[in-house]
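Encoded as structure tokens, the structure appears first; notes follow it.
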Amino acid sequence: MTYREALRETLRQEMRRDEDVFLIGEEIGVFEGSYKITAGLLAEFGEKRVRDTPIAEEGFVGAAVGAAMLGLRPVVEIMTINFSLLALDQIVNHAAKIYGMFGGQTSVPMVIRTPGGGGQQLGATHSQNIELYYAFVPGLKVVAPSTPADARALLRAAIEDDDPVLFLENLALYNTKGEVPEDLPPAEIGKAAVTREGADITLIGYSRMATIATQVAERLAAESGISAEVIDLRSLRPLDRDTIVASVRKTGCAVVAEDDWLTYGIGAEVAATISDGAFDYLDAPVRRVAAAEVPLPYAKALEQAALPSAESLHTAALETLAAVGRRR
């Protein structure tokens, strides 16, 4: 099953399971979504539960916040994470804060699904990874599945959660394929996955870069006999610090890979977590691999040069191990 299909089938299953679940967003009904995630759902569930909206992110996200406060479970689709900036007030100052400001009298059980990421030649304003803006905010949960199975498990968990959840999708993952068990239970939000066991170095990523980390680990093993452990963060808030620290205490080396910018990025928080919990176990400084600190170019060659890649992560891993004399 593709990542795209896993999302669609999970939405269908959750809408069948719970009549309070409904979808809202631009072009998700008649047009079946910009990325066809909602294909066929309008025909099955009707306009009451698959609600097309005007191009007004602040308006329909705000409407979803109100619906969630009154007991419904809206799943909002924002066409790209870049457009979520138009609803920043509704997400950060309302969805994230209502439960706390009202002393727990009302919760906001809503999901905001939104894709991001570069590599599609969509230009600088349509290719950003700005998940840090939201992972920074208490009151929100932020998840980023990297596989079709995790897309299903985490989307189920997000829809069933009583807190607002930002559900991050990467455009480059929509056509990737993987096994998705029919009876897959909801994932635990806030729990990372050790997707490959290793002893020499820890590679840490999320979303697209988690899949890249696995590819690099396999290459390191095949070419150099290096045993790399791979951690897929899966959840950016809450962050599974225990799994990160336990892995680095075992391997003594770490490289963090992310699609956002290096400065103030998710990787900086992960590196600080390692420093706090595993400093005495480190044999080398934590390395970070991230996008170039520029608005992403449109030209294909420049765009690819600006994005983190398997090659850049591979190089960072070898340099880290070489610095402590552990390169084989």
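For region 40-63, the count of residues that are charged (D, E, K, R) and under 20 Å from the mean Cα position of the chain (by Cα) is zero. Looking at Glu169, is it under 23 Å from Thr2 (Cα atoms) and in contact (Cβ under 8 Å) with a residue 12 or more places away in the chain? Criteria met by Glu169.
For region 58-104, what are the residues that are among the aromatic types (Phe, Trp, Tyr), open to solvent by 40 Å² or more (accessible area, probe 1.4 Å) and assigned to a helix (DSSP H, G or I)? Reasoning before the result, please.
Of region 58-104, the ones among the aromatic types (Phe, Trp, Tyr) are 60, 83, 99, 102.
Keeping just the survivors that are open to solvent by 40 Å² or more (accessible area, probe 1.4 Å) gives 83, 99, 102.
Within region 58-104, Phe83, Tyr99 qualify.
Of all residues in region 116-157, those satisfying the criterion of being in contact (Cβ under 8 Å) with a residue 60 or more places away in the chain, within 26 Å of Tyr99 (Cα to Cα), open to solvent by 10 Å² or more (accessible area, probe 1.4 Å) and part of a helix (DSSP H, G or I) are Leu132, Ala135, Arg156. Taking region 271-283 as the range and being open to solvent by less than 90 Å² (accessible area, probe 1.4 Å) and farther than 11 Å from Val248 by Cα as the test, only Ala272 passes. Six or more apart or on different chains, Cβ under 7 Å: which pairs go from a residue in region 22-44 that's over 15 Å from Ile112 (Cβ atoms) to one that's open to solvent by 10 Å² or more (accessible area, probe 1.4 Å) and of a type in the set (S, T, N, Q)? Could you list them? Qualifying pairs under 7 Å: Glu27/Ser34.
Residues of region 19-32 that are at negative phi, open to solvent by 30 Å² or more (accessible area, probe 1.4 Å) and in contact with an Asp or Glu (Cβ under 9 Å, 6 or more places away or on another chain): Val30, Phe31. The numbered conditions (1) closer than 23 Å to Ile266 by Cβ; (2) touching a strand residue (DSSP E or B) at 6+ places or on another chain (Cβ under 8 Å); (3) basic (Lys, Arg) are all true for Arg73 except (1).
The values are calculated or read from the model by the stated rules, or taken from the named source; none is laboratory data. Here the structure is a predicted model, which means the values were calculated and not measured. Cβ sites come from the backbone with ideal geometry, for glycine too, and all protein chains shown count toward neighbours. We work out accessible area using only protein heavy atoms, side chains counted, and drop any ligands, DNA or RNA first. Shrake-Rupley method; radii C 1.70, N 1.55, O 1.52, S 1.80 Å.
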